[in-house]
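Below is one structure, written out as structure tokens; comments come after it.
The values are calculated or read from the model by the stated rules, or taken from the named source; none is laboratory data. Given the structure is predicted, the values throughout are model-derived calculations rather than measurements. Here the Cβ is made from the backbone with ideal geometry for all residues, glycine too, and neighbour counts use every protein chain on show. The accessibility values were calculated without ligands, DNA or RNA, using every heavy atom of the protein model including side chains. Shrake-Rupley method; radii C 1.70, N 1.55, O 1.52, S 1.80 Å.
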Amino acid sequence: MDSTMKIAVIGAGTMGSGIAQVAAQAGHDVILFDTRREAVDKALAGLHRTLDRLVEKGKLTADAANAIHQRIRPASDLKELAGSGLVIEAIIEDLGIKKKLFAELENVLGPGAVLATNTSSLSVTAIAAACARPERVIGMHFFNPAPLLPLVEVVPGLATDAGLAPRMYALMQAWSKTPVICKDTPGFIVNRVARPFYGEAIRIYEEGIADMPTIDAAMKSAGFKMGPFELMDLIGNDINFTVTKTVWEAFFFDPRYKPSFTQQRQVESGRLGRKSGRGYYMYDANGAILPPTSQTSAGSLAEDPAVQRRAAAGSLSGDPAEVKVIVDRILAMLINEAADALFWKVASAQDIDLAMTKGVNYPAGLLAWADQQGAGHWLEKLESLQAEYGEDRYRPSPLLRRAARESRPLTSY
Ligand SMILES: NC(=O)c1ccc[n+]([C@@H]2O[C@H](COP(=O)([O-])OP(=O)(O)OC[C@H]3O[C@@H](n4cnc5c(N)ncnc54)[C@H](O)[C@@H]3O)[C@@H](O)[C@H]2O)c1
């Protein structure tokens, strides 16, 4: 697969427009299709603005920007995709609609074309089952914003040809991305391993151990760029809640992934986060956390003026012991999740760590982080949580137990 291969991107929303930009920047001719023509027009206008900014910043010459723009062609009929070597689908997250599209694509594309889905939470195998030739279907999960975040999870389905994942891996490297290969399991790597960052933070808040700004500040003091509540507000509580719920259901209701009422109520009340001006925190028009106003009514903790003031100042109320309790608990759960993904062979240790640093900007890979203190240290923390709460949620991964018993680094498995 070289840069002369024509790429088609289906769905010109947040992800599709970013993926089209990435492919065009890598030198491919790109066809961008959406059932809504206005979505394609909006994506192309957005791309123009992005490229102009890159030229202004001196990161791109005007000629290069122009060439990238010229390489992306809008399409208003699926038939125009004929001749594409690779199609990347980034439409609405709905299994029925995706399956229908994949079945239609087979009638349009040549026999050698590869069909990729950018699904975050659906089974690649289930999407591929709509095709007469499921061996050429694969997951290629980019992260938002696609032009900026390097990670791409390459996900072969059950029927995917064995040679396809290495081919897509090499292509993503040629696009200057950081690919990882993972099994077709719920949440792939990142959306599975990251769950406790949100879920355990909410539990700590719900139990009244600490308020939201304290939890956020604690996690930032451990090196994370954003705290869990700030990040959920940025992602959108509706999206984050849906991912949590989908992963929980897909794992046959494993209590480890159980969603929370706190987040469900946020969604029900329309407090979706930055995009709605209010989530766990309140925001100004520029997306900055607002200090409390005199109109603020008391009610929930996040509405407490004192809490909002601390959130706006980004300050930490807790003493070092409180910070340690928060960080240790969330980190122990994250490490357990990473160890469990490795135990179930979702991906290699190296790819699990790469995914969390390159897809969600974690300060270090979780397995390498765990190895600094040793598996026994984290096993002890999980066992004490499990003893305290008596919940399966805190059950240690068999790999954490094995690594502790064998005194081996997790990264060596
Ligand atoms: N937004 C993210 O952070 C993110 C990250 C990784 C993966 N994803 C996945 O990427 C996919 C797209 O997500 P998004 O956030 O870009 O959505 P979006 O709503 O921004 O865009 C989806 C686009 O698909 C178009 N569309 C819907 N049905 C179509 C069809 N049958 N044929 C052609 N076009 C159709 C819509 O008109 C819309 O423009 C989803 O599968 C999502 O799970 C999203």
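How do the pairs read when you match residues in region 372-394 that are in contact (Cβ under 8 Å) with a residue 40 or more places away in the chain and crowded, with 16+ Cβ neighbours inside 10 Å with residues anywhere that are part of a helix (DSSP H, G or I) and among the basic types (K, R), using Cβ under 9 Å and keeping only pairs 6 or more apart or on different chains?
Pairs that qualify, where the first residue is in contact (Cβ under 8 Å) with a residue 40 or more places away in the chain and crowded, with 16+ Cβ neighbours inside 10 Å and the partner is part of a helix (DSSP H, G or I) and among the basic types (K, R), are K381/R329; L385/R329; L385/R393; R393/R203; R393/R256; Y394/R256.
How many residues does region 197-209 contain that are open to solvent by less than 10 Å² (accessible area, probe 1.4 Å) and farther than 15 Å from D233 by Cα?
To start, the set of residues in region 197-209 that are open to solvent by less than 10 Å² (accessible area, probe 1.4 Å) comprises 197, 200-202, 204.
Still in the list and also farther than 15 Å from D233 by Cα: 200, 204.
Within region 197-209, residues that are open to solvent by less than 10 Å² (accessible area, probe 1.4 Å) and farther than 15 Å from D233 by Cα number 2.
Could you list, in sequence order, the residues of region 215-237 that are within 14 Å of R329 (Cα to Cα) and surrounded by fewer than 23 Cβ atoms within 10 Å (Cβ to Cβ)?
Matches in region 215-237: A222 only.
Would you be able to say whether some residue in region 126-142 is within 12 Å of the ligand (Cβ to nearest atom) and either surrounded by fewer than 17 Cβ atoms within 10 Å (Cβ to Cβ) or among the aromatic types (F, W, Y) (or both)?
yes
Given (1) open to solvent by 40 Å² or more (accessible area, probe 1.4 Å); (2) within 15 Å of F197 (Cα to Cα); (3) modelled with pLDDT of 95 or more, identify the lone condition not met by F251.
(2)
Among the residues of region 208-232, what is the count of those that are not aliphatic (A, V, I, L, M) and not in a helix (DSSP H, G or I)?
6
For residues in region 68-105 being open to solvent by 40 Å² or more (accessible area, probe 1.4 Å), in a helix (DSSP H, G or I) and over 18 Å from L122 (Cα atoms), which is farthest from the ligand (Cβ to nearest atom)?
Step by step, filter region 68-105, then rank; the result is Q70.
Taking the conditions exactly as written (surrounded by 15 or more Cβ atoms within 10 Å (Cβ to Cβ) and part of a helix (DSSP H, G or I)), does T50 satisfy them or not?
Judged against the criteria, T50 is a match.
What number of residues in region 18-67 are within 14 Å of the ligand (Cβ to nearest atom), among the polar types (S, T, N, Q) and out of contact with any helix residue (DSSP H, G or I) (no Cβ under 7 Å at 6 or more places or on another chain)?
1
Looking at region 155-171, is at least one residue out of contact with any Lys or Arg (no Cβ under 8 Å at 6 or more places or on another chain), open to solvent by 10 Å² or more (accessible area, probe 1.4 Å), under 24 Å from V22 (Cβ atoms) and basic (K, R)?
Yes, region 155-171 has at least one match.
Given (1) at positive phi; (2) at pLDDT below 95, where does V243 come up short, assuming only one miss?
The failed condition is (1).
Looking at region 108-117, can you tell me whether even one residue there is modelled with pLDDT of 95 or more and either loosely packed, with under 12 Cβ neighbours inside 10 Å or within 10 Å of the ligand (Cβ to nearest atom) (or both)?
Checked against the condition, which is being modelled with pLDDT of 95 or more and either loosely packed, with under 12 Cβ neighbours inside 10 Å or within 10 Å of the ligand (Cβ to nearest atom) (or both), region 108-117 yields at least one hit.
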